[in-house]
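Everything on this sheet refers to the single structure shown next.
Only the coordinates and a few stated rules stand behind these numbers; no lab work does. Bear in mind the structure is a predicted one, so any value in this text is a computation, not a measurement. Cβ atoms come from the backbone with ideal geometry, glycine included; neighbour counts cover every protein chain shown.
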Amino acid sequence: MILTNEHGAPEAFVRAIQNDPYTKDGADFSVTELIKPPQVRRLWNEHETEISVDVSDEMFKLLGKGVHNVLEQHGPDGSTTEQRFHADHNGVSVSGAVDLIEADGSITDYKVTSTFSVLRGLKVDWERQLNLYGWLLRQNGITATKLTIVALCRDWTKSKVGNKNYPSSMVVVMAVPLWREGRQDDYLDQRIRAHTQEATLPCTVEERWARGAYQVNGKGRPRSFDTMGEATTFINMQKSGNFKIVPGNAKYVRCEGWCEVSPWCPQWNGGK
Ligand code: SF4
């Protein structure tokens, strides 16, 4: 990866980004890799030496690492922090580092994120990540009893407290549904297949962080939604009327500004 510094960040920031200690410790996949779109991972592996990333685009990651580094030193009594676990599934090795495991089997993952993200509710990827940790721990003889996301809202503003649904604190604790074991097993198996099958799967609308991917036509003006789930929820809440979901005029936020492999992506460049 080529690291640029177009906005002249001080040397200490550049070095912090360069010395990223991220490792999957020899495993074929990390849990976070498994959740990623297979196309992103494959293009990344194919073009790793050509990919260019600016220091300024890595600042949110640096902020997240700083928070993790502090919190891992202050786990409750009897807990383990930032411990990496390994397991195999049909000859494929998987690893994952869990932020906090308490003595009663409660698992916590810390996220440094925007208040907007938190206001949108629990992300499906967070639920998937924590349940894959549940799978990983089970392979290591530990039963997960409770899953929690603790979100630190990096742009939280005190003056907005009192606005509709605005969090009353910068730290928001979110309960995560704990899947039954069979569902965790199936999801793990499905993700390994998605990443190891010969043909590369195109990214889904959700993986591309589409805005306005679905349009609901019917009573009143057309309404735009980001996900099929949001569109169907809207329809289900209406008292009467005939509605139809059609493709919207989507804006692909990830492809446009947050995907390092977009210059080599046939789906994105073909679509343009
Ligand atoms: S540019 Fe978009 S479609 Fe292509 S790999 Fe990235 S997220 Fe997926």
Which log10 I(q)/I(0) values, to two decimals, does the stretch 134-185 give at q = 0.15, 0.27, 0.31 Å⁻¹ under the Debye formula with one point per Cα? -0.58, -1.03, -1.20
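Before anything else, pin down the relative contact order of the chain: Cα pairs under 8 Å, at least 6 apart, normalised by residue count, whole percent. Provide the component values of the computation, followed by the final result.
Values: 390 pairs, mean separation 44.3, N = 272.
Relative CO of the chain lands at 16 percent.
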What distance in nm separates the two pseudo spin-label positions at E230 and E256, each 7 Å out from Cα along the beta-carbon direction? 1.4
Which of S240, S168, S30 comes first, and how do the rest follow, when ranked by fewest Cβ neighbours within 10 Å? S240, S168, S30
Do me a favour and compute the ellipsoid semi-axes for the stretch 1-127 from its Cα gyration tensor, root of five times each eigenvalue, largest one first, whole Å. 26, 21, 16
Calculate the all-directions average of the projected area of the stretch 51-187's alpha-carbon convex hull, and give it in nm². 10.6
Treating only the Cα positions of the stretch 126-252 as identical point scatterers, give the base-10 log of I(q)/I(0) from the Debye formula at each q in 0.12, 0.13, 0.19 Å⁻¹. -0.78, -0.90, -1.13
Highest mean first, how do 253-265, 172-184 rank when packing is the count of other Cβ atoms within 10 Å averaged over residues? 253-265, 172-184
Taking only C-alpha pairs under 8 Å that are 6+ residues apart, what is the relative contact order of the stretch 167-272 in percent? 23
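Divide, for the stretch 186-272, the radius of gyration over alpha carbons by 2.2 N^0.38 Å, where N is the residue count. It would help to have the intermediate numbers written out before the result.
Numbers: Rg = 16.2 Å, N = 87, 2.2 N^0.38 = 12.0 Å.
In units of the 2.2 N^0.38 Å rule of thumb, it is 1.35.
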Using packing as a proxy for protection, rank 12-18, 206-212, 217-223 so that the peptide with the highest average count of other Cβ atoms within 10 Å comes first. 206-212, 12-18, 217-223
Kindly provide log₁₀ I(q)/I(0) values, in the same order as q = 0.09, 0.10, 0.12, 0.16 Å⁻¹, from the Debye equation applied to equal alpha-carbon scatterers of the chain. -0.51, -0.64, -0.94, -1.56
